[in-house]
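As structure tokens, the structure follows; a few thoughts come after it.
The values are calculated or read from the model by the stated rules, or taken from the named source; none is laboratory data. Bear in mind that the values here come from a model prediction, so they are computed numbers and not experimental data. Note that we place each Cβ from the backbone using ideal geometry, even for glycine, and neighbour counts take in every protein chain shown. All accessible areas refer to the heavy atoms of the entire protein, side chains included, with ligands and DNA or RNA removed. Shrake-Rupley method; radii C 1.70, N 1.55, O 1.52, S 1.80 Å.
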Amino acid sequence: MRPRTAPPRALAGAAALALAATACSGGGETADEAAGTLVIWADPERTDVLAPFAEEFGQANGVQVDVQSLPVDDIQGDFVTAHEAGSGPDILVGAHDWIGNLVQNGSIDPVQLPGDAQERFDPGAIDAVTYQGRLYGVPYAMESLMLLRNTELAPDAPATMEELVETGTALKDDGDVEEALGVQVSQTGDPFHLQPLYTSAGGYLFGTDDEGDPDPSDLGVGTPESVEAMEKIAELGEEGEGVLKRSIDSDNVGSLFERGQTPYFITGPWSLAAVKDAEVDYAISPVPGFEGMNEARPFLGAQSFFVASGGENKVLAEEFIVNNVAQPELATALYEADPRPPALVEVFEAAEADDPDLAAMMEAAEDAEPMPVIPEMSAIWDPFGKAQAAVIGGEDPEQAVASAEKAISEQIG
């Protein structure tokens, strides 16, 4: 996420959602003026859902609650900048993998869930928001990569990546599709979307310490395992099977599947609405691994609520999160607005009865592992992505991995 230099509260003010009779109109109030206001920062898709819950909480507690909408690509960086300037919100809504950076900057506090409330959440979601043995967020939704399959083109789920390639390539050779597989690579690579293939082939990003947490001193990039994994990925690249292509990126991969021009699409829950609108007959299954190798392990993500350490109303902020996010009403509303698997088990089970996709998504995420929240993870994306793109384009895997390892190690220090 890229930080901005303008004061975030001023940026968000124009989009602020005033939820009480005395709601602020411009969003540019000083810290003293904001003392009587509980401020929540969320992306546009979440703000409307939060509105009635925030209003009810405000009325019950005699406080003005102001939900402010920020672009999803800006919100983390703006939050850190605002925290440093002493003008941030009380509550932040965002991805669990922000935690390491936010803790390093001292901008969020641990959260206490009362009694056995933690047991009501999916264990994977709780693991995702736990850092250095402490709970730093209350999760409301989970997400992981899955394989979408056009059932008219490919009736059966592939058991292995080799089977997928064989079916997709045959359809392409027959002129039925343009591409054997839709997965975004781009000119700069995509470690997130290629993680299932990388892990199936034996690669890893960070090892783990004695507590099971990611260990930044054990960098997997540059190891023999990472080279072997990249060699396997190279076999699917432009000078191999031609299944992975740098020309397929986030701008065109969705439309390929929606137009019926690829039988397979490696993506997440965020793509389902467009696929349904396109009236594609689809099925969901796990991303397959390579034959005779490891299971494909995509990243598991959790969307969460965080308590800002510099907020004016930290007690109320934690009370709002515990009294709402840990209860089924808000979790259900958030799911209905954006159908990703709910982190609250009771909400998931209730939604599953009417949405068969949920069970399929959870099955696809069975081998997923929480994305590392350590700050050092930010050093991975650019160098490793470029190495992947280079290998897919035909460059030597050992050299590409060595270059990535050097760049990542220099950033980590």
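Some observations on this one:
- Taken over region 194-212, residues that are open to solvent by 20 Å² or more (accessible area, probe 1.4 Å) and more than 19 Å from GLU376 (Cβ to Cβ) amount to 1.
- Any hit, region 326-346, residues being open to solvent by 50 Å² or more (accessible area, probe 1.4 Å), basic (Lys, Arg) and in a loop (DSSP other than H, G, I, E, B): no
- Some residue of region 157-171 being part of a loop (DSSP other than H, G, I, E, B), without any contact (Cβ under 8 Å) to a residue 40 or more places away in the chain and over 23 Å from the mean Cα position of the chain (by Cα): no
- Among helices (runs of 4 or more DSSP H) entirely within region 174-285, having at least 3 residues that are under 20 Å from the mean Cα position of the chain (by Cα) singles out 191-200, 272-277.
- Screening region 241-272 for residues that are without any contact (Cβ under 8 Å) to a residue 60 or more places away in the chain and farther than 19 Å from THR188 by Cα and picking the one that is least open to solvent (accessible area, probe 1.4 Å) gives SER255.
- Which numbered condition GLU398 misses (of (1) in a helix (DSSP H, G or I); (2) open to solvent by less than 50 Å² (accessible area, probe 1.4 Å); (3) more than 20 Å from PRO196 (Cβ to Cβ)): (2)
- Positions within region 53-98 being free of Cβ contacts under 8 Å to residues at least 24 places away in the same chain and over 23 Å from ILE374 (Cβ atoms), in sequence order: GLU56, ALA60, GLY62
- GLY310 fulfils the conditions (1) in contact with a Leu (Cβ under 8 Å, 6 or more places away or on another chain); (2) more than 30 Å from PHE206 (Cα to Cα); (3) not β-branched (Val, Ile, Thr) except for a single criterion, (1).
- Any chance GLU179 is open to solvent by less than 40 Å² (accessible area, probe 1.4 Å) and of a type in the set (Asp, Glu): yes
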